[in-house]
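*Asks:* Before we start, here is the structure in question, set down as structure tokens.
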Amino acid sequence: MPLLSLMPTLSTPRALVGALLVAALPLTLAAQAPVSVPREHPAVKSALDAIQRDNAWTLEQQVSICEIPAPPFKEEVRAAEMKRRFEALGLGNVHLDSIGNVIAERKGTGTGPTVAIAGHLDTVFPEGTDVTVKKAGTKLTAPGIGDDCRGLATVLAVARAMQNAKIETPGTILFIANVGEEGPGNLRGMRYLFRKPPMKIDYFISVDGTGLGLTTGAVGSQRYLVQYQGPGGHSYGAFGMANPIHALGRAIAKISEFTVPATPRTTFNVGMVSGGTSVNTISPLGAMEVDMRSESPQELAKLDAQFNAALQTALREENARWPNARDTVSLKLIDMGIRPAAQVNDTSFIALTALAAGKSLGFTAPTGASSTDANYPMSLGIPAITIDGGGVGRGAHSIAESYDDGAEGFKGPQWALLIVSALAGLRGATYQP
């Protein structure tokens, strides 16, 4: 009989709670021995079989959700539909919070941990994008079909299977469709969900994208709009004043010479440059958009400090170049979004649970760091991971984005169900001292 084996670690106090898969099991006993959840447990087996048998239903959810536009900051229509679907599945306390997250509750039978599983509502595509899904065999093509319509469909499939199989868990499960995961949203859905005082969430699982990978670390990012500003003037008549675009050029040259570590992976990029009105005008503005990323909070902080120093040095040098000028250039720095970093941790209890669940389904999930909704709870020390939703996806964030369910796309929702069931506690599971 295949088993999902879980071994709590004394270094992770939450693991002692999450490992209680039998509500009445003494905590001290659970801390001393492994706990196993059999895949052949009647309720789990029924739910897993149903996910595979009803795979067409999951794909139907994925397609119909995808055909509801959800551009950044305009997720309301898709949110209302997810709310309706949660209600139709018989989940409790279904509501929208003040920022637009849809939250549904599956009440636990005891006092186990609260487990949240979430998919994000928003896409990167602007209003007016054609989101009609095109079908060719097992391949589905449409903007957002994988990221994150697959995640939302997986969340629905897990909720439906647990409801129909009447799986009972001591812990409460929250099913969430959240706003603001993509770049412009700056994780606003997660920031609100985990605001102070936060909603009680002991374990957080984000389902984002396609495949069978596991994110156990957070790639942090810091994005800025840099603006060098001055009075501007005619290139001949006003020659001799400090030039914002020249200051921008000095800054870019300095940034291009930064040295960053390969491990932990750290990167920087000047992505957009703008300014100027004509070839014979000293521009009043020189601007750029900059993206910096790292798996390490410490390395990201070091890079950010180096970046700010380079901007100030470029400003001083440009103004010093024209000492007799009446007007000088000034600097304005605008925060475009900051995502916290968290280094990869494959030995946490939640990660080990996910890895064991995958192995019980016949695959070994590759692990690593990414930029997802899990960044924020990870940065707060809340056990969090992001898992893929199964299938094969290509062209994410492009209008040619595609999803192919193949022969085993159903394993994504099965994986999510096993992880959620294990963390929330499965009533009637066996204990093996």
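The values are calculated or read from the model by the stated rules, or taken from the named source; none is laboratory data. Keep in mind it's a predicted model, so treat the numbers as computed, not measured. Counting neighbours? That spans all protein chains shown, and the Cβs are built from the backbone with ideal geometry, glycine included.
*Asks:* Counting only residues that are surrounded by 20 or more Cβ atoms within 10 Å (Cβ to Cβ) and assigned to a loop (DSSP other than H, G, I, E, B), how many does the stretch 202-224 have?
*Replies:* The qualifying residues number 5.
*Asks:* Another question about this same structure. Go through the stretch 115-142 and report how many residues are farther than 15 Å from Glu182 by Cα and assigned to a loop (DSSP other than H, G, I, E, B).
*Replies:* Adding up the residues that qualify gives 9.
*Asks:* Moving to a separate point now. For the stretch 143-159, check the following and say yes or no: at least one residue is assigned to a strand (DSSP E or B) and in the same structural domain as Asp404 (by TED's automatic domain parsing).
*Replies:* Scanning the stretch 143-159 turns up no residue that is assigned to a strand (DSSP E or B) and in the same structural domain as Asp404 (by TED's automatic domain parsing).
*Asks:* For a quick check of your reading of the model, give me the residue pairs whose first member lies in the stretch 238-261 and is over 12 Å from Glu317 (Cβ atoms), whose second is of a type in the set (Lys, Arg), with beta-carbon atoms closer than 8 Å and at least 6 apart or on different chains.
*Replies:* Close Cβ pairs (under 8 Å, with a partner that is of a type in the set (Lys, Arg)) amount to Met241/Arg326.
*Asks:* Determine which member of the set Leu193, Leu187 is crowded, with 24+ Cβ neighbours inside 10 Å, over 13 Å from the mean Cα position of the chain (by Cα) and aliphatic (A, V, I, L, M).
*Replies:* The match here is Leu193.
*Asks:* What number of residues in the stretch 89-114 are closer than 21 Å to Ala384 by Cα and part of a strand (DSSP E or B)?
*Replies:* Total meeting the criteria: 5.
*Asks:* Is it fair to say Ala79 is under 30 Å from Val133 (Cα atoms), at pLDDT 95 or above, surrounded by 13 or more Cβ atoms within 10 Å (Cβ to Cβ) and in contact with a helix residue (DSSP H, G or I) (Cβ under 6 Å, 6 or more places away or on another chain)?
*Replies:* Taking the combined requirement at face value, the residue does not satisfy it.
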